[in-house]
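Written out below as structure tokens is the structure these notes cover.
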Amino acid sequence: MKCSICKGEIETHRDPDTNQIIWDQGNNADPINDGRCCDNCNATKVIPARFEMHRKKQVLLTHNDTELLEEYAAEKAEARACGDLDFPSFREWSGEVNPRQAAEGRWTYYADET
């Protein structure tokens, strides 16, 4: 499996006693994208982005955002049904973050840009 951020191979984790694979699905790459990521990208990009979100106290979804979330889910489902597996994350799709900088691991909100 490839990392959705750096495109490198996702590590397999093995039981130290039996050497059997116990996990090979990587890490949740959200908020960078909706894919899976390697341990390195998780540690250097995903977790810092999550901390940055928390630091800025960004509320991503509130009770008023239900329609927006439903619209996103419908568009994503339609795209995946057509074979498009590179659909943007909710934050990129909604315009909350700059996709170029999010892809580079620099979590920047449009509102913060001057």
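Just to be sure I understand the filter: pairs with C-beta atoms under 6 Å, separated by 6 or more residues or on different chains, first member in the stretch 11-29 and free of Cβ contacts under 8 Å to residues at least 12 places away in the same chain and surrounded by fewer than 12 Cβ atoms within 10 Å (Cβ to Cβ), second member assigned to a loop (DSSP other than H, G, I, E, B) and polar (S, T, N, Q). Which pairs pass?
Qualifying pairs under 6 Å: Ile21/Thr12.
Hey, does the stretch 14-24 have a residue that's among the basic types (Lys, Arg), more than 23 Å from Ala77 (Cβ to Cβ), out of contact with any Asp or Glu (no Cβ under 7 Å at 6 or more places or on another chain) and at pLDDT 90 or above?
Looking through the stretch 14-24, at least one residue is among the basic types (Lys, Arg), more than 23 Å from Ala77 (Cβ to Cβ), out of contact with any Asp or Glu (no Cβ under 7 Å at 6 or more places or on another chain) and at pLDDT 90 or above.
The values are calculated or read from the model by the stated rules, or taken from the named source; none is laboratory data. For clarity, every value in this text was computed on a predicted model and none was experimentally measured. Backbone-built Cβ (ideal geometry, glycine too); neighbour counts: all protein chains shown.
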